[in-house]
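Read the figures in this text as sums done on the coordinates, not as results from a lab. Here the structure is a predicted model, which means the values were calculated and not measured. We place every Cβ from the backbone using ideal geometry, glycine too, and count neighbours over all the protein chains shown.
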Amino acid sequence: MSDSDYLIASLLSSDLESEDLALKSRDSQISADALLARQLASSSSSSPSSSPSLVSLATVRILRDAIQTGVVKANKMILDTLRNPMPEGHDDANDAGRALLVERLVHYGLVEKEVTPDGNCQFRAIADQLYSAESMHADVRKKVVAQLVNKRERYAPFVDSDYDEYLARMRKEREWGDGVTLQAASDAYGITISLITSYDEGFYIEVQPDERKVTERSLWLSFFAEVHYNSLYPLKD
């Protein structure tokens, strides 16, 4: 285990209340947070900064507080949420948005399963939720496009561009899904799709199908706004 892994694992261990890990003052707490944030940033970046990024420091503090107050239990799975990579060229606004999304996931006891960020992420996340296999994203895309074609009158008013051109784009591999394809997916499978997003307001979005076919469950996705979708699962003890 690397030094950074050890430090992060220590933060998330169930022994946080033990004497050696207790933070005895506000100054030592801030220093410990900053150290862990630096280690996290250096372990997940090929060119780590000399100072901790906003998202790293924010998530370390969020998770420490959540674990110490009993909001969530320490669990190694949460490292996946913490370490999901930021896109190239990210800025402070994206950092803050990512930290906000992680805070919400922690609050609701959810963790992300990262899907490949290749332009197919919405379809990959849905495929993971439906089939536990993001590799089936092409099948999901095909079904969504068929829904868009068969129910043209339902979706066309919500597409700004020429609808036939829109359909042609959505048939293509790596073409990003949007709100219209999300609704079409919900309709095609007859299932609710619930999203936790990084939007400042209205961060929980529930997409309802026109005709429910599956009543006993919902699909749960995270949406780092305008950047990436992931698949969500409850945090296990």
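Structural remarks
- Given charges at Cβ of Lys, Arg, Asp, Glu: region 121-234 dipole, positive-most of Q129, T181, I193: Q129
- Cut-off 15 Å between beta-carbons: net charge of the residues surrounding P157, Lys and Arg +1, Asp and Glu -1: -4
- For the set K172/K236; K143/K213; K113/K142; K113/K143, the pairs lying more than 26 angstrom apart at their alpha carbons are K172/K236.
- Estimated inter-spin distance, A168 and E201, nm [label 7 Å along Cα→Cβ]: 3.9
- The residues I205, I196, I126, when put in order of fewest to most other Cβ atoms within 10 Å, stand as I205, I196, I126.
- Sequence of V106, V227 once ranked by neighbouring C-beta atoms within 10 Å, starting from the fewest: V227, V106
- Cα centroid separation, region 145-200 to region 120-135 (Å): 15
- Taking the fewest neighbouring Cβ atoms within 10 Å as the starting point, the ordered list for H228, H107 is H107, H228.
- Cα-based Kirkwood hydrodynamic radius, region 121-234, one decimal, Å: 14.2
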